[in-house]
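The values are calculated or read from the model by the stated rules, or taken from the named source; none is laboratory data. In this text, all values refer to a predicted model and were calculated from it rather than measured experimentally. Counting neighbours? That spans all protein chains shown, and the Cβs are built from the backbone with ideal geometry, glycine included.
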Amino acid sequence: MTPSTVAGVLMAIGTAVVVAGLHRQAAGLRLSVTDPGLALAMLRALRTTILGLAIVGAAAGWLWHVRPLLLVSLVIAGEEMLEISVVVAAVNGYVTAGGATPRGRRSAPARPPSARRR
């Protein structure tokens, strides 16, 4: 296989990752704006989209012999995967811990034992 064929296959794989990531999160992206699950779906879709576009960029840099494009694509992919994964973990913890009500507001804090009526 020639390098241009490999780069073309990598570009196709990157495009497929973008499409599959958006398709996988399609149900979550249709949630109400006040639903905290929407933020989680948007972050997950963004993560796969950035990964797919970075693969396409790296393949284009390789195909066109533009080393800075190849390197920047790989660096952006690594940095964004780390950053978005941390944010996804935080938002997932917030959503699963019941940190938001269906209306998107925090639930009222519990009264401390000293403030309770006797």
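For the stretch 34-53, a tally of residues being modelled with pLDDT of 90 or more and over 18 Å from VAL87 (Cα atoms) returns 2. Taking the stretch 52-70 as the range and being surrounded by fewer than 19 Cβ atoms within 10 Å (Cβ to Cβ) and of a type outside the set (Val, Ile, Thr) as the test, the residues that pass are LEU53, ALA60, LEU63, TRP64, HIS65, ARG67, PRO68, LEU69, LEU70. Against the definition (surrounded by fewer than 15 Cβ atoms within 10 Å (Cβ to Cβ) and in contact (Cβ under 8 Å) with a residue 12 or more places away in the chain), how does SER73 come out, yes or no? No, not satisfied.
ILE84 meets the conditions (1) under 30 Å from PRO3 (Cβ atoms); (2) surrounded by 17 or more Cβ atoms within 10 Å (Cβ to Cβ); (3) aliphatic (A, V, I, L, M) in every case but one. The failed one is (1).
For GLU83, the conditions (1) at pLDDT 95 or above; (2) charged (D, E, K, R); (3) over 12 Å from the mean Cα position of the chain (by Cα) all hold with the exception of (3).
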